[in-house]
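Step one of this worksheet: look at the structure below.
The values are calculated or read from the model by the stated rules, or taken from the named source; none is laboratory data. The structure presented is a predicted model; accordingly, all values stated were derived computationally and were not measured. Here the Cβ positions follow ideal geometry from the backbone for every residue, glycine too, while neighbour counts run over all protein chains shown. Side chains included, ligands, DNA and RNA excluded: accessible areas come from the protein's heavy atoms. Shrake-Rupley method; radii C 1.70, N 1.55, O 1.52, S 1.80 Å.
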Amino acid sequence: MEPSPLHWLDAPVTGPYRWTMLGAITLSAIYWWRQAKKDPALLPIFIGALCGVFLGAKVAYLLGDGWWDLRWLKNPWPRLLAGKSIVGGILGGWAGVELLKWLTGYRKPTGDAFVLIAPLGIALGRVGCWLQGCCLGRPMAAHWIVKRDVNGIERWPAAQIELGFQLAAFALVLVLRKRAFWQGRVFFAYLVAYGLFRFGHEYVRDTPTLPGGLSGYQWMSGLMVVVGSVAFVKRGPATG
């Protein structure tokens, strides 16, 4: 099923969206500044992660939504410049970290640190999506859970549902990272969990599909599951 032409609002990015994005970046920067004070070698890794997040988010958006926006929007350039993908941002951030660790020779695990900030940053981003009116769910019949968009169309509350997922993931991370078995593995478990969630959630999001019936974001979510699973297994035998 193809999305309706209104799956993105043909409107400039609003102030609340900008502020939530800036808030997520600031939160991450403060957290990593504090980590870098304990271990200065983490600073270039954070920079690599940040660059990877933005690059991955942009490339994934272009593959997942950008080509569709070119078809429907009268002036697609604001959307093309502002559009980002959380799935691509996570994969790009992971790739940026691994590249910088390889370049700098840093060998300590960093996943447990990243998994603390990732769900909170994404949750802030979804608040921005909610306020902006983007990343919409599919139109569906009236039901207790649907929300009306600015055009009065009843839709699945995609941004709100993912906001709930990310907050629940953060709460679970706080518990698991203190247990011996999960130390060094929590981030990869999060990749698998979010990849599976996002793959299924795409069926009720108003995003275009590629040949084969899957959206570009589902293909990237599948890649996230593979990356997380392989890295989880490579951590070796359980330590507790």
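If we scan the range 166-187, do we find a residue that is more than 15 Å from residue 113 (Cα to Cα), crowded, with 16+ Cβ neighbours inside 10 Å and under 16 Å from the mean Cα position of the chain (by Cα)? Checked against the condition, which is being more than 15 Å from residue 113 (Cα to Cα), crowded, with 16+ Cβ neighbours inside 10 Å and under 16 Å from the mean Cα position of the chain (by Cα), the range 166-187 yields at least one hit. Within the range 129-139, the set of residues being hydrophobic (A, V, I, L, M, F, W, C) and touching a residue at least 40 places away in the same chain (Cβ under 8 Å) comprises 129, 131, 134, 135, 136. Of the residues making up the range 199-240, those that are part of a helix (DSSP H, G or I), open to solvent by less than 70 Å² (accessible area, probe 1.4 Å) and touching a Lys or Arg at 6+ places or on another chain (Cβ under 9 Å) are 204, 217, 218, 220, 221, 224, 231, 232.
Close contacts from the range 181-196, counting a first residue that is without any contact (Cβ under 8 Å) to a residue 12 or more places away in the chain and a second that is open to solvent by 10 Å² or more (accessible area, probe 1.4 Å) and part of a helix (DSSP H, G or I), with Cβ to Cβ under 8 Å and a gap of 6+ residues or different chains, come to 182/176; 182/189.
Within the range 87-100, being in contact with a Phe, Trp or Tyr (Cβ under 9 Å, 6 or more places away or on another chain) and open to solvent by 40 Å² or more (accessible area, probe 1.4 Å) holds for one residue alone: 94.
When the range 144-162 is filtered for residues that are assigned to a loop (DSSP other than H, G, I, E, B), touching a residue at least 12 places away in the same chain (Cβ under 8 Å) and open to solvent by 40 Å² or more (accessible area, probe 1.4 Å), the ones remaining, listed by number, are 150, 151, 153, 156. Checked against (1) over 22 Å from residue 21 (Cα atoms); (2) surrounded by 15 or more Cβ atoms within 10 Å (Cβ to Cβ), residue 141 passes all but condition (2).
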